[in-house]
Amino acid sequence: MLELALDRRLPGFHLRTQLVVGDEIAALYGPSGSGKSLTLLAIAGLIRPAAGTIRINGRTVFDGSADIDLAPHRRHVGLVFQDYALFPHKTVSGNLSFGLAQGTPKNTAVDRVNEMLHLLRLESFAQHYPHQLSGGQRQRVALGRALIGHPEILLLDEPFSALDPAVREALRRELLQTLGDFKGTILLVTHDLQEAYLMASTIAIIDEGKVLQMGSREEVLHQPRTRRVAEHTGAKNILRGIACRGQDGDWDIVWRGHHLRIDDPGQIAPGEVECCIRPEDVRLVWSDRVEQRVNLLRGRIVHEIGRGLDYLLFISLSDGDDRGKYDLEIQVRSRLHDLMTLYVGKEIWLSLPPDRLHLLQSDE
Amino acid sequence: MTQIPLSPLLLSLKVAGLATVVTLLLGTPIAWLLARGRFPGRAFLESIVVIPLILPPTVIGYYLLLLLGRQGLVGRLLEQGLNIGLIFTWKAAVLASTIAALPLFIKATQGAFEGIDRRIEDAGRTFKPALIVLCTITLPLAWRGILAGSILAFARAMGEFGITLMIAGSIPGRTQTLALAIYDAVQANQSQEANAMSILATAAVLLILVLVGRMTKVKY
């Protein structure tokens with residue numbers, strides 16, 4: 001359990017993170033420079049916030065107003081750095097044993113190191129130096145060094161960014177396996193949304209030093225709270241329209257003259273609203289099935305980007321008001337792209353499924 | 001065959017060795033402060049440190065003479081308070097060499113500290129108290145730079161001439177170091193002695209360099 005509320009001003013940047021994370025894997029997701037790594041450093045005690053509190057399992061490790069500021073090694077925090085920060089002059093064993101608390105008896109230390117070497121499958125590398133290891137092995141050593149002292153919480157700063165994309169996938173699974181026995185809070189920092197989704201059950205979106213939204217990974221992905229969250233999570237289509245009640249009493253959003261149905265209007269009020277839909281949620285409609293669809297639109301492909309497995313199509317609505325740019329970005333699998341023989345300039349039908357259309361609240 | 005005077009060489013080795021030790025003890029904390037510290041006056045300290053590199057040695061020697069001489073502020077305190085006479089003794093030669101060697105040592109060592117990835121020290125601090133991190137992570141990682149700085153310091157101390165002449169003089173058998181003795185030999189037209197001592201000085205310094213290089217093979 002980790003509770004924190006931080007405040008620190010840096011030149012041109014204001015960090016004011018607030019988080020409560022239970023005993024689970026949570027991801028701190030945001031672009032570079034958003035303050036996510038800074039937040040980790042503050043939790044570990046390596047930078048000092050100007051104000052705020054940090055509590056680990058109810059134990060206050062930092063309190064700006066009560067002048068509590070525990071030294072990093074007294075916080076029982078395991079921190080795995082982005083490029084692992086192994087001690088280059090120490091062997092794998094030496095790196096691991098450094099993670100043990102000061103004054104651990106020699107026999108116990110040897111046993112614990114051996115145990116950890118076994119767990120990490122690095123027995124035959126005990127006497128190797130970090131520069132003799134592969135990226136994945138280094139990551140394991142860094143993880144083992146952070147875990148060997150039984151920290152209460154574990155912080156991982158971009159654990160995969162130093163690795164080749166080819167090995168990332170396998171190492172994610174491996175890391176999750178190794179972390180399986182860890183019972184406390186794990187906070188993972190990443191700028192890769194997919195990685196956040198794969199590793200964590202809860203995702204916090206952070207930007208400009210502030211947590212914009214925190215929730216289950218599904219929620220963050222499919223129900224962004226505000227426009228800024230939507231922009232960060234890849235809900236590229238943001239439609240600005242007018243909310244009004246339809247004839248049947250349900251809410252409609254009028255966007256570019258089309259009355260769009262929305263399944264979950266939430267706390268909607270009449271007037272100008274914004275809603276969003278992810279590029280992969282927009283459906284292409286075969287022309288013979290047009291009658292069965294709601295939120296039907298007709299548009300022309302103005303641009304496309306083939307990405308191998310899928311295509312990004314940029315659609316301009318055919319409503320007589322062609323402004324020369326696109327109105328919707330949609331993502332279709334290459335197979336469907338070929339089946340429907342799509343090309344730039346072609347007119348197509350598409351629909352915005354009401355359960356995928358999501359209403360945004362205004363930024364505060 | 002002329003007898004080669006050994007005492008200037010021995011004196012030089014003693015003075016330079018001691019000066020190197022003092023430089024190491026004094027310079028390492030300063031270098032660390034300059035590399036890692038954030039405090040008001042850091043820039044000032046940084047420029048103070050290099051002054052001995054820029055000023056003519058005789059000028060530094062003259063200032064020291066004013067400061068440490070019988071009438072000088074520090075000199076009077078030392079002589080009356082602690083009964084230590086510094087000027088024109090081998091101790092003054094050590095001081096002269098230390099002052100000449102410090103800037104070189106500090107610059108090399110500061111570079112070594114700055115070259116350490118800060119996150120490695122940070123990682124250490126999450127496990128152990130800062131002092132232990134300094135002793136088991138920072139210093140071992142910087143030691144090659146510290147050693148290089150020490151060699152520079154020793155070499156500079158062996159060659160020290162100007163400041164030494166000003167505050168220690170050139171008293172044969174007492175404060176006449178090798179560099180001074182060679183100068184005197186040349187002045188007195190004793191070219192054989194000058195040759196012998198020059199070769200001796202070269203050999204001694206080379207030998208030390210080779211020995212140090214041997215002791216410091218790195219395995220990582």
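Could you list all residues from the stretch B:167-181 that are buried (at least 20 other Cβ atoms within 10 Å of the Cβ) and in contact with a Ser or Thr (Cβ under 6 Å, 6 or more places away or on another chain)?
Of everything in the stretch B:167-181, those that are buried (at least 20 other Cβ atoms within 10 Å of the Cβ) and in contact with a Ser or Thr (Cβ under 6 Å, 6 or more places away or on another chain) turn out to be B:ALA168, B:GLN176, B:THR177, B:LEU178, B:LEU180.
When you check A:LEU70 against the structure, is it closer than 22 Å to B:ILE120 by Cα, away from chain B (no Cβ under 14 Å) and free of Cβ contacts under 8 Å to residues at least 60 places away in the same chain, yes or no?
no
Can you go through A:THR190, A:THR108, A:THR91, A:THR185 and tell me which one is among the hydroxyl-bearing types (Ser, Thr, Tyr) and within 23 Å of B:LEU141 (Cβ to Cβ)?
A:THR91
Of the conditions (1) at positive phi; (2) touching a strand residue (DSSP E or B) at 6+ places or on another chain (Cβ under 7 Å), A:TRP255 satisfies every one except a single condition; which number is it?
Failed condition: (1).
Looking at (1) open to solvent by 90 Å² or more (accessible area, probe 1.4 Å); (2) under 27 Å from A:HIS337 (Cα atoms), find the lone condition where A:ALA235 falls short.
Failed condition: (1).
Residues that are at the interface with another protein chain (Cβ under 10 Å from one of its Cβ atoms), at least 2 per element: which helices (runs of 4 or more DSSP H) completely within the stretch B:116-173 meet that?
Because the criterion is at least 2 residues that are at the interface with another protein chain (Cβ under 10 Å from one of its Cβ atoms), the helices (runs of 4 or more DSSP H) in the stretch B:116-173 that meet it are B:118-125, B:130-133, B:139-158.
Does A:ILE253 fit the bill of being open to solvent by 50 Å² or more (accessible area, probe 1.4 Å), closer than 25 Å to A:LEU296 by Cβ and aliphatic (A, V, I, L, M)?
No, not satisfied.
How about the stretch A:170-211: which of its residues are open to solvent by 60 Å² or more (accessible area, probe 1.4 Å), closer than 19 Å to A:GLU231 by Cα and assigned to a helix (DSSP H, G or I)?
Within the stretch A:170-211, A:GLN194, A:TYR197 meet the criteria.
Does A:VAL110 fit the bill of being within 13 Å of another protein chain (Cβ to nearest Cβ) and either outside any loop (DSSP other than H, G, I, E, B) or at pLDDT below 95 (or both)?
Considered against the rule, which asks whether it is within 13 Å of another protein chain (Cβ to nearest Cβ) and either outside any loop (DSSP other than H, G, I, E, B) or at pLDDT below 95 (or both), A:VAL110 comes out as no.
Out of the residues in the stretch A:112-157 meeting the condition of being open to solvent by less than 30 Å² (accessible area, probe 1.4 Å) and charged (D, E, K, R), tell me which one is farthest from A:ASP83 (Cα to Cα).
A:ARG145
Which residues, counting only those in the stretch B:69-87, are open to solvent by 90 Å² or more (accessible area, probe 1.4 Å) and not in a helix (DSSP H, G or I)?
Correct list: B:ARG70, B:GLN71, B:ASN83.
Give the residues of the stretch A:93-103 that are crowded, with 17+ Cβ neighbours inside 10 Å and either touching a Lys or Arg at 6+ places or on another chain (Cβ under 9 Å) or within 8 Å of chain B (Cβ to nearest Cβ) (or both), sorted by residue number.
A:ASN95, A:LEU96, A:SER97, A:PHE98, A:GLY99, A:LEU100
For B:LEU66, state whether it is open to solvent by 50 Å² or more (accessible area, probe 1.4 Å), assigned to a helix (DSSP H, G or I) and either hydrophobic (A, V, I, L, M, F, W, C) or within 30 Å of B:ILE151 (Cα to Cα) (or both).
Yes.
If a residue must be modelled with pLDDT under 90 and either closer than 20 Å to A:ARG335 by Cβ or open to solvent by 20 Å² or more (accessible area, probe 1.4 Å) (or both), how many such residues does the stretch A:309-323 contain?
Residues in the stretch A:309-323 being modelled with pLDDT under 90 and either closer than 20 Å to A:ARG335 by Cβ or open to solvent by 20 Å² or more (accessible area, probe 1.4 Å) (or both): 6 in total.
Could you grab me the full set of residues in the stretch A:96-107 that are assigned to a loop (DSSP other than H, G, I, E, B) and either in contact with a Pro (Cβ under 9 Å, 6 or more places away or on another chain) or not hydroxyl-bearing (Ser, Thr, Tyr) (or both)?
Residues satisfying the conditions are A:GLY99, A:LEU100, A:ALA101, A:GLN102, A:GLY103, A:PRO105.
Quick grid of which residues meet (1) modelled with pLDDT under 90; (2) touching a Lys or Arg at 6+ places or on another chain (Cβ under 8 Å):
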{"position": "A:ALA170", "(1), (2)": "yes, no"}
{"position": "A:ILE206", "(1), (2)": "no, yes"}
{"position": "A:GLN213", "(1), (2)": "no, yes"}
{"position": "A:ARG217", "(1), (2)": "no, no"}
{"position": "A:GLU231", "(1), (2)": "no, no"}
{"position": "A:CYS244", "(1), (2)": "yes, no"}
{"position": "A:TRP251", "(1), (2)": "yes, yes"}
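Here are the criteria: (1) more than 14 Å from B:ALA168 (Cα to Cα); (2) in contact with a helix residue (DSSP H, G or I) (Cβ under 9 Å, 6 or more places away or on another chain). Tell me which single one B:GLY61 does not satisfy.
All conditions pass for B:GLY61, except number (1).
Give the residues of the stretch A:78-87 that are touching a helix residue (DSSP H, G or I) at 6+ places or on another chain (Cβ under 7 Å) and either in a loop (DSSP other than H, G, I, E, B) or open to solvent by 10 Å² or more (accessible area, probe 1.4 Å) (or both), sorted by residue number.
Hits for the stretch A:78-87 are A:PHE81, A:TYR84, A:ALA85, A:LEU86, A:PHE87.
Going through the stretch A:34-51 one residue at a time, which ones are crowded, with 16+ Cβ neighbours inside 10 Å and more than 20 Å from A:THR185 (Cα to Cα)?
Across the stretch A:34-51, the qualifying residues are A:SER34, A:ILE47, A:PRO49.
Would a scan of the stretch A:114-135 turn up a residue that is touching a residue at least 60 places away in the same chain (Cβ under 8 Å), outside any loop (DSSP other than H, G, I, E, B) and within 14 Å of another protein chain (Cβ to nearest Cβ)?
For the stretch A:114-135, residues touching a residue at least 60 places away in the same chain (Cβ under 8 Å), outside any loop (DSSP other than H, G, I, E, B) and within 14 Å of another protein chain (Cβ to nearest Cβ): absent.
Does B:ALA194 satisfy the condition of being outside any loop (DSSP other than H, G, I, E, B), open to solvent by less than 20 Å² (accessible area, probe 1.4 Å) and at pLDDT below 95?
yes
The values are calculated or read from the model by the stated rules, or taken from the named source; none is laboratory data. Just so it is clear, the model here is predicted, and its values are computed rather than measured. Positions of Cβ are backbone-derived with ideal geometry, glycine not excepted, and every protein chain shown enters the neighbour counts. Surface accessibility is based on the protein's heavy atoms, side chains included, excluding ligands, DNA and RNA. Shrake-Rupley method; radii C 1.70, N 1.55, O 1.52, S 1.80 Å.
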